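J.: Supplied in structure tokens, the structure appears directly below.
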Amino acid sequence: MAGNKAFGNRVRELREAKLRTDPWFTLRQFAKMVDVSPTFLSKMERGEFDPPKPEKIMKMAELLGVDADELLALAGRVDPELNEIIREKPAVLPDLLRTVRGMSDEQLRKLAQQAEQAKKKEP
């Protein structure tokens, strides 16, 4: 397996920060909560193993108190819900994503707010 040092380092950093305030965040206990083996988690944190499936990454994010999309992006994965959303409107959503690519975070936030307002106005 190729591994992903950036993802592994971030997970370890977050887990160890939690461990300083919560003794249950040992490698073994965290692995158990995520439903992976301690060996897998250890090797993944060292960048020797690839990140797990998106569902496990999302569980990690929940337990670590961080945004799941941050960890998914570091892992090179996408929330399965986003894939489903794109499949629902395959002719339109890829075009939208290509159009907004390169926009600033602020521009994207404003666009998302406008979309939310437009969605509320529809019957």
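J.: From the list Lys59, Lys18, Lys43, pick out the single residue that is under 23 Å from Asn83 (Cβ atoms) and of a type outside the set (S, T, N, Q).
T.: Residue meeting the stated conditions: Lys59.
J.: Would you check if there is a residue in the stretch 34-48 being within 30 Å of Leu97 (Cβ to Cβ), out of contact with any Ser or Thr (no Cβ under 9 Å at 6 or more places or on another chain), surrounded by 14 or more Cβ atoms within 10 Å (Cβ to Cβ) and without any contact (Cβ under 8 Å) to a residue 40 or more places away in the chain?
T.: yes
J.: Another one. How many residues are at pLDDT 95 or above, closer than 18 Å to Glu13 by Cβ and not in a helix (DSSP H, G or I) if we restrict to the stretch 23-35?
T.: Of the residues in that region, 1 qualify.
J.: Mind listing just one residue for me: the one in the stretch 71-87 that is in contact (Cβ under 8 Å) with a residue 40 or more places away in the chain and assigned to a helix (DSSP H, G or I) and, of those, surrounded by the fewest Cβ atoms within 10 Å (Cβ to Cβ)?
T.: Leu74
The values are calculated or read from the model by the stated rules, or taken from the named source; none is laboratory data. Please read all numbers here as calculations on a predicted model, not as lab measurements. All Cβ positions, even for glycine, are placed from backbone atoms using ideal geometry, and neighbour counts span all protein chains on display.
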